[in-house]
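What follows is calculated from the coordinates using simple rules that are stated; it is not laboratory data. Remember, it's a predicted structure, so these values are computed and weren't measured experimentally. Here Cβ is always computed from backbone atoms with ideal geometry, including for glycine, and neighbour counts include all displayed protein chains.
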Amino acid sequence: MRQIPRAIIIFALAACGALSPIVHPQLPPTNSPKRGAIDRSKVIDLTYNFDESTIYWPTAKSFDWQKESWGTSPGGYWYASARYAASEHGGTHIDSPIHFGKDQATTEQIPLSRLIGPAAAIDISAACEKDPDYRLSVADIVSWERKHGSIPDGAIVLVHTGWGRFWSDRKRYLGSDTPGDATHLHFPGISREAAEFLVTRRKISGVGIDTASLDHGPSKDFIAHQIINGANIYGLENVANLEQVPATGATLIALPMKIKGGTGGPTRIIASVP
Ligand SMILES: [Zn+2]
């Protein structure tokens with residue numbers, strides 16, 4: 001075979017990119033936690049496990065997960081597979097705007113750009129400690145803004161009630177653990193006025209809370225849901241680990257299962273903290 005000149009080989013390799021370094025010299029190495037826009041050493045999981053003990057609304061069925069195959073197959077290899085069924089509204093999940101907003105967005109229609117955004121975490125845990133039916137007020141938002149500046153456009157407002165510490169205790173978390181009975185619930189939520197303020201006076205992408213509902217336990221009209229979803233804004237409920245999210249500076253990413261036509265859905269929520 002005729003020898004191909006070395007210069008041609010080098011030229012050909014360079015042209016197809018084979019000689020360029022795999023890692024761009026300006027980027028940290030691939031195993032660095034800092035590679036990419038998100039510092040992986042500072043990512044917090046704000047999601048609860050889904051299992052038989054996951055808290056669902058008292059009138060909803062709980063998470064159903066059944067093993068279908070689990071072991072060595074007839075072919076001699078390991079094979080595991082399971083099925084699940086669940087209400088859209090239980091565990092860490094999204095309330096898509098259509099949940100309480102007629103003709104508003106269903107789960108798959110919520111743009112990704114609104115599911116990623118700066119977190120504005122408002123800590124009302126001290127007030128909730130005194131009153132389990134406490135509701136976020138406009139005064140709470142204004143006092144947060146006095147310290148941290150105006151809630152930024154595109155923010156996901158996280159209401160930290162401290163209720164996450166009761167997650168493993170259904171009775172304490174919901175105020176009642178009678179299956180099928182949603183009339184004796186007690187936990188904090190968002191007031192009508194605060195919901196109106198957030199959707200009309202600020203340009204937020206979403207609202208999240210560490211309780212089972214945007215509305216407080218005793219609510220009968222779910223007015224915070226009506227106002228927030230009615231403004232085509234989604235809610236995140238049963239958000240975990242809010243005590244680890246700083247008031248400002250974190251970026252939230254909330255990715256619901258892309259259920260077409262869905263009114264909600266299980267959602268993996270993470271926060272990248274500074
Ligand atoms: Zn819900």
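Remarks
- Taken about its Cα centre, the range 45-272 carries a charge dipole of roughly 360 debye when the Cβ of each Lys and Arg holds +1 and the Cβ of each Asp and Glu holds -1.
- Near ILE110, once Lys and Arg are set to +1 and Asp and Glu to -1 for all other residues with Cβ below 13 Å from its Cβ, the sum equals +1.
- Entry note, the chain: the mean residue ellipticity at 222 nm calculated from DSSP H runs of n ≥ 4, each adding -39500 (n - 2.57), is -5000 deg cm²/dmol after division by the residues and rounding to the nearest 500.
- Once C-alpha pairs closer than 8 Å and six or more residues apart are averaged by separation and normalised to the residue number of the range 45-272, the relative contact order reads 31 percent.
- Charge sum, other residues only, whose C-beta stays under 11 Å from THR248's C-beta, Lys/Arg counted +1 and Asp/Glu -1: 0
- For the chain, the mean projected area of the C-alpha convex hull, equal to one quarter of the hull surface, is 22.6 nm².
- Among the listed pairs LYS42/LYS260; LYS102/LYS260; LYS147/LYS203; LYS61/LYS220, those with a Cα-Cα distance over 24 Å are LYS42/LYS260.
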